[in-house]
Amino acid sequence: MTASRREKVEVVEVGLRDGLQMLDRLLPTKDKIAWINVEHACGVRRFEVASFVPPKLMPQMADAAEVVAAAKRLPNISVTALAPNLKGAAAAIDAAVDAIIIPISASEAHSLANVKRTTAQMIAQLAEIRRLCDERGRSVRIHVGLATAFGCTIQGEVREETVVHLAQACVDAGADRIALADTVGYANPAQVRRLFGKVRAKVGDRLHAAHFHDTRGTGLANVVAALDEGIRSFDASLGGLGGCPHAPGASGNIATEDLVFMLEAMGFDTGINLARLIDTQRRLAQWLPGQALYGKIAAAGVPKTYSTQAHAAA
């Protein structure tokens, strides 16, 4: 197989939402827009750029509509945003996002702590948002992130049967796509293979993506396990920014640059220029001085064998 025919894997940059919302500082709107522009120039084509939530609750996201508008001016880009309720979804639709992400937790305890609603109430919100999109005639996709699918720092164990049932309930309520999320970094590769297999058997190709955290060092291993189960879309955050308010002190998402390195070295095609992406990570360190970043490849450097690995794997 030639390099041009390598199997494609989508890398979704979620740092502008999942990364920044955890910080105790505000990144200026102009820097957010610069981040999107520079990373888009690296080849990233899908961004989760904001949350449509009340600014008093999350001031980091007060400029959500402005950031969406700036991102939408770029060519060949898919812009998504998180909306936990009907009001937020309406604002996201007005901002012309391509997809709305609705967080639905498999853990009742996490759901109440995170969005102040039960899981059943969130399913009902999903159905209302589906109706809103249909009534407005907008071709906005509805994605569901099934949070705490692999365990919860509050509740502890989350039964796999619960996750399978919720995935079907989300599809029945109108979800176009579903991602399984390891919100607090509990997952291991065997668990990932098992749960993705069970959910895929239930909802088929509606199971589209994976969202892993590297809290306990298993993030990239879990990506490989999900690849084995046919998943070809992965969330990541530049520099590994992010975390979860219900997993205090934990590091965040898998690092975008580390994910791209691994996928390309394995022979997949992300369409992303790794060298330029590493430069972007270093610019992020300038935009957020003093902020801890967790990626490995930017510090260790690209191995001398990297340029030949992808071709050999292909």
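The values are calculated or read from the model by the stated rules, or taken from the named source; none is laboratory data. Since this is a predicted model, take the numbers as computed values, not measurements. Here the Cβ is made from the backbone with ideal geometry for all residues, glycine too, and neighbour counts use every protein chain on show.
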Taking segment 192-224 only, how many residues are of a type in the set (Asp, Glu) and either touching a residue at least 40 places away in the same chain (Cβ under 8 Å) or over 17 Å from Cys170 (Cα atoms) (or both)?
-> 1
For the subset of segment 273-291 comprising residues that are among the hydrophobic types (A, V, I, L, M, F, W, C) and without any contact (Cβ under 8 Å) to a residue 40 or more places away in the chain, which member is farthest from Gly219 (Cα to Cα)?
-> Ala275
For segment 257-280, state whether one or more residues are of a type outside the set (Asp, Glu), farther than 29 Å from Arg5 by Cβ, within 13 Å of the chain's Cα centre (by Cα) and buried (at least 24 other Cβ atoms within 10 Å of the Cβ).
-> no
Look at Val199 and say whether it is modelled with pLDDT of 95 or more, assigned to a loop (DSSP other than H, G, I, E, B) and among the β-branched types (Val, Ile, Thr).
-> no
Pairs, please: C-beta under 7 Å, at least 6 apart or cross-chain, first residue closer than 21 Å to Val12 by Cα and in a loop (DSSP other than H, G, I, E, B) and in segment 143-161, second of a type in the set (S, T, N, Q) and at pLDDT 95 or above?
-> Thr148/Ser105; Thr148/Ser107; Phe150/Gln191
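Here's the yes/no breakdown for (1) in contact (Cβ under 8 Å) with a residue 40 or more places away in the chain; (2) closer than 30 Å to Asp228 by Cα; (3) in contact with a His (Cβ under 8 Å, 6 or more places away or on another chain); (4) basic (Lys, Arg):
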position: Leu23; (1), (2), (3), (4): yes, no, no, no
position: Cys42; (1), (2), (3), (4): yes, yes, no, no
position: Ser51; (1), (2), (3), (4): no, no, no, no
position: Lys72; (1), (2), (3), (4): no, no, no, yes
position: Ser78; (1), (2), (3), (4): no, yes, no, no
position: Ala95; (1), (2), (3), (4): yes, no, no, no
For residues that are touching a helix residue (DSSP H, G or I) at 6+ places or on another chain (Cβ under 7 Å) and part of a helix (DSSP H, G or I), tally how many sit in segment 177-193.
-> 3
Given (1) assigned to a helix (DSSP H, G or I); (2) surrounded by fewer than 17 Cβ atoms within 10 Å (Cβ to Cβ), index of the condition Ile129 fails | (2)
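Yes/no per residue for (1) of a type in the set (A, V, I, L, M, F, W, C); (2) surrounded by 19 or more Cβ atoms within 10 Å (Cβ to Cβ):
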{"position": "Lys198", "(1), (2)": "no, no"}
{"position": "Lys202", "(1), (2)": "no, no"}
{"position": "Arg206", "(1), (2)": "no, no"}
{"position": "Ala210", "(1), (2)": "yes, yes"}
{"position": "Asp214", "(1), (2)": "no, yes"}
{"position": "Ala221", "(1), (2)": "yes, no"}
{"position": "Ile231", "(1), (2)": "yes, yes"}
{"position": "Ser237", "(1), (2)": "no, yes"}
{"position": "Gly242", "(1), (2)": "no, yes"}
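Residue by residue, here is whether (1) surrounded by fewer than 16 Cβ atoms within 10 Å (Cβ to Cβ); (2) modelled with pLDDT under 95; (3) closer than 24 Å to Gly88 by Cα holds:
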{"position": "Ala3", "(1), (2), (3)": "yes, yes, no"}
{"position": "Arg6", "(1), (2), (3)": "no, yes, no"}
{"position": "Glu10", "(1), (2), (3)": "no, no, no"}
{"position": "Leu23", "(1), (2), (3)": "yes, yes, yes"}
{"position": "Arg45", "(1), (2), (3)": "no, no, yes"}
{"position": "Pro55", "(1), (2), (3)": "yes, yes, yes"}
Based on what the data block shows, is Val144 surrounded by 16 or more Cβ atoms within 10 Å (Cβ to Cβ), modelled with pLDDT under 95 and either among the β-branched types (Val, Ile, Thr) or touching a Pro at 6+ places or on another chain (Cβ under 7 Å) (or both)?
-> no
Does at least one position in segment 47-65 carry a residue that is among the β-branched types (Val, Ile, Thr) and in contact with a Pro (Cβ under 8 Å, 6 or more places away or on another chain)?
-> yes
